[in-house]
Number of protein chains: 2
Amino acid sequence: MVRPELTRPPVRHKFTEKQSSMISPILAVSRRTRRTPFTPRVESLGVIGYTVYNHTLLPTAFRSVEEDYAHLKRHVQIWDVGCERQVQIVGPDAAKLTQLMSVRDLSKAQVGQCLYAPLCDEDGGLVNDPIVLKLAEDQFWMSIADSDVLLWARGLAYGMRLDVEISEPDVWPLAVQGPKSDDLMAAVFGDTVRDIRFFRFETLPFKGQPMVIARSGWSKQGGFEIYLNDPELALDLWDTLWDAGKHLEVGPGCPNLIERIEGGLLSYGNDMTRLENPLECGLDKYCHHDREIEFIARDALLRISGEGVTRKIRGLKIEGDPLPGCVTPWRVHRDGLPIGRVTSAIFSPGFASNIAFAMIDQAAWDTGEVVQVVTPDGERNATVGPLPFV
Amino acid sequence: MVRPELTRPPVRHKFTEKQSSMISPILAVSRRTRRTPFTPRVESLGVIGYTVYNHTLLPTAFRSVEEDYAHLKRHVQIWDVGCERQVQIVGPDAAKLTQLMSVRDLSKAQVGQCLYAPLCDEDGGLVNDPIVLKLAEDQFWMSIADSDVLLWARGLAYGMRLDVEISEPDVWPLAVQGPKSDDLMAAVFGDTVRDIRFFRFETLPFKGQPMVIARSGWSKQGGFEIYLNDPELALDLWDTLWDAGKHLEVGPGCPNLIERIEGGLLSYGNDMTRLENPLECGLDKYCHHDREIEFIARDALLRISGEGVTRKIRGLKIEGDPLPGCVTPWRVHRDGLPIGRVTSAIFSPGFASNIAFAMIDQAAWDTGEVVQVVTPDGERNATVGPLPFV
């Protein structure tokens, strides 16, 4: 049998066409859906599912999303986030190009700083929402969400004749997340990691190899991201963390759907796309079109903010039993009039409710508004509220 | 249970770390891994596995890769290739930008023509290898492989101040492939489809809605691609083809790994990437750097062709039992000296052998050379040969 992973009957759960989100197809992997240097450990620790992110495997659950969530909030987890690819911009025009792509003012950014910086095009549409790491005055990494930022950057640099080199370096982030992250990291890298401030990085050695280590990560539970720059050390790094974490109940993990929605973390491609702008997505504080800096989206954001946005991403609490995952936008209406759509949803143990992100029109975006959501399990009432959820 | 698709134990086949390509994880779907308008039919017809391609689901097998292959070569199949997203370039500078991105001379392209046109950057690296459809003198579609060509195009257009609009239209290709394709298409669209020449398209109505229909597709068995431009008609189109094809033994299908390797069809992201150039990938006949036309990669290709390439994609026949799929490049050496890597491999019923694509150094690229491939099932001898295989 040549491709055994392609000959197993699919598993279906109460399959009907309406509830087609319940199907569980397997993922056929190939070189194009890149493995990371950590994938062998992820597999031997029993990963259940993957998604594909930046043409790379990203685990989505180990025990179950619910169990992983409970563990993440109490202990410490190691996450293979090698799919967070870096777009490296180096050269005399590196700072200029990085700023052109971003809507955030990077002029005062310091070496050693990580900055959440939405990237927007000339229409104000979101291209990506990376963390920008300033490695040197003329060297930046964009640690990207799921779109080929490298191609946009190279197109801009070529077209504008900028003096930069743009590449995807052989760097593979590994995250350590959860309340015991400081203890685990200190056991491996020394107590100096405890002094790394939020969204700052230090360069610390592992087996003599200096690596960028940042206090950051895609959860609200605290933690670090280690930017592994030598794939040959990947399994050694994983195993060292694992062994040092046994008394801390370390476990394998990954960005957790419950935790990220509870924490109000938007996901590029799910909750925001090139068809939305950052002012609609509640990213106003990262938008510096009011400052005298040059970036591609500035005129568009000035126009949009002048006119005022007419829809915004809001939190919803949806009544009733736990809902299935949101794989296509769910329509939202009020008294039969369409007023938006849900893009991510999950049952939250913390709020004992279904919670969701929804793009909602101005007519219904006020906190306390009651709207109707067309879910795969039928229409449900929901209440509009702030993000993060309260 | 909130996400039932994430709580099932994974299926493993003879799992060892060495053979980790044998794992069968499930694919966790979300809005970001977009469904197509045809996905409900794909699911109800029992799709076994997906990959993610252009942030969109692409089926990889229905019965098994082997059974799908046998059926494709005898009958006719309907393929959901909605993941072949279109990058639409419209405006006074549309022809100029399309040419700038491509290495193929498009100056004599006619409206109604489809052209396989590798896209390359200023280093000669492959960005994508789409089919370009010339819809009008100032309107082109690039029907793309798996990379965000739209971002590159928009970056170039912004930087070069070109007068174009670039978008992803609401168009979802559906392929009809196999030796009985003409009969099936004629039953639905009339005998006029029989007159569509290879890599030409006509605009024909379905339920009164005019659609682009091309004689093209990602197999060597013949067939058509229907560029559905009204998602509301998707299931109607699928069902109409299905009903008309019953006496032809129509079946669901998808790009088939055996058939595409047997046919010598390279896959972007698998067999060629931005780190390879088209002269290394055997795409010489599409490279027109010797003509006086302006495109971004021209200087790089002139330099590369002047120096001569030192490695090329070649066919390999690998001895022994059927091998597992190639999920990371397999090292190739000769007498212990590294001379290349395998990027796609499959057991071919047609050739009664494992066949593979491999990038091979000049020292060993001649037909008949015997090399060694480091496969997950151990080292095997292989013979170098031409593509397509003979």
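Taken together, the values in this text are just the output of simple stated rules run on the coordinates, not laboratory data. Just so we're clear, the structure is a prediction, and the values are computed from it rather than from any experiment. Here the Cβ positions follow ideal geometry from the backbone for every residue, glycine too, while neighbour counts run over all protein chains shown.
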Using a label point 7 angstrom from Cα along Cα-to-C-beta, what distances in nm, from shortest up, separate B:D335 from the other copies?
8.6
Under 5 Å between amide H atoms, partner at least 5 residues away or on a different chain: which partners does B:R63 have, H built in plane at 1.01 Å?
B:D68
Take each of the peptides A:257-263, B:126-132, B:331-337, average the number of other beta-carbon atoms within 10 Å over its residues, and list them starting from the highest.
B:126-132, A:257-263, B:331-337
If eta is 1.567 mPa s and T is 4 °C, what Stokes-Einstein diffusion coefficient results for segment A:101-187, Kirkwood Rh from Cα pairs, in µm²/s?
88
From phi via Karplus (6.51, -1.76, 1.60), per-residue ³J(HN,Hα) for segment B:130-145 in Hz, x at Gly/Pro:
x, 8, 8, 9, 8, 8, 7, 4, 10, 9, 10, 10, 10, 8, 9, 7
Could you sort A:146-157, B:113-124 so that the peptide with the highest average Cβ count within 10 Å comes first and the rest follow in order?
A:146-157, B:113-124
What does the helix-only formula give at 222 nm for chain A: each DSSP H stretch with n ≥ 4 adding -39500 (n - 2.57), the total divided by the residues, and the result rounded to the nearest 500 deg cm²/dmol?
-5000 deg cm²/dmol
Other-copy label distances relative to A:G378, 7 angstrom Cα-Cβ extension, nm:
6.0
Strictly greater than 39 Å: what percent of every Cα pair in the protein assembly as shown meets that?
36
Relative contact order %, chain A, counting alpha carbon pairs below 8 Å whose residues are six or more apart:
16
Cβ-Cβ FRET estimate between B:Q110 and B:L337, R0 fixed at 35 Å, reported to 0.05:
0.10
If the chain between B:D361 and B:T192 were fully stretched, how many nm would it gain, using 0.36 nm times the residue separation less the Cα-Cα distance?
56.1 nm
Looking at segment B:220-280, what % of the alpha carbon pairs are farther apart than 17 Å?
61
Please list, ordered by chain and number, the residues whose modelled amide H lies under 5 Å from the amide H of A:Y53; skip anything fewer than 5 residues away on the same chain.
A:L58
Stokes-Einstein D for segment B:73-225 at 37 °C, 0.692 mPa s, Kirkwood Rh over Cα pairs, in µm²/s?
204
For segment A:47-56, take each phi angle, set θ = phi - 60°, evaluate the Karplus expression 6.51 cos²θ - 1.76 cosθ + 1.60, and give the result in whole Hz per residue in order, putting x for glycine and proline.
3, 8, x, 10, 10, 10, 9, 6, 6, 9
Stokes-Einstein D for chain A, Kirkwood Rh over Cα pairs, 37 °C, 0.692 mPa s (µm²/s):
148
For segment B:338-350, just list the computed ³J(HN,Hα) in residue order, Karplus coefficients 6.51, -1.76 and 1.60, θ = phi - 60°, integers in Hz, with x standing in for Gly and Pro.
x, 9, x, 7, 8, 10, 9, 8, 7, 7, 9, x, x
In whole Å, what three semi-axes, largest first, describe the equivalent ellipsoid of segment A:313-390 built from its Cα gyration tensor (square root of 5 times each eigenvalue)?
17, 14, 11
Find the Rg to Rh ratio for segment A:209-315, where Rh is the Kirkwood radius over alpha-carbon pairs and Rg uses the same atoms.
1.11
Whole number please: convex hull volume per residue of the Cα set in segment A:144-192, in Å³?
131
Could you pull out every one of the aspartates and glutamates with an alpha carbon less than 12 Å from that of A:K207, ignoring same-chain neighbours closer than 8 positions?
A:D230, A:E232, A:D236
Set the bar at 23 Å for Cα to Cα. Now go through A:K73/A:K134; A:K134/A:K312; A:K73/A:K246 and name every pair that lies beyond it.
A:K73/A:K134; A:K134/A:K312
Label-to-label distances across copies for B:G190, with labels 7 Å out along Cα→Cβ, in nm, shortest first?
8.0
Convex hull (Cα only) mean projected area of segment A:141-261, reported in nm² to one decimal:
9.0
Partner chain coverage, peptide B:40-51 - average Cβ within 10 angstrom
5
Full-stretch length increase - A:E137, A:K285 - with 0.36 nm per residue and alpha-carbon distance subtracted:
50.9 nm
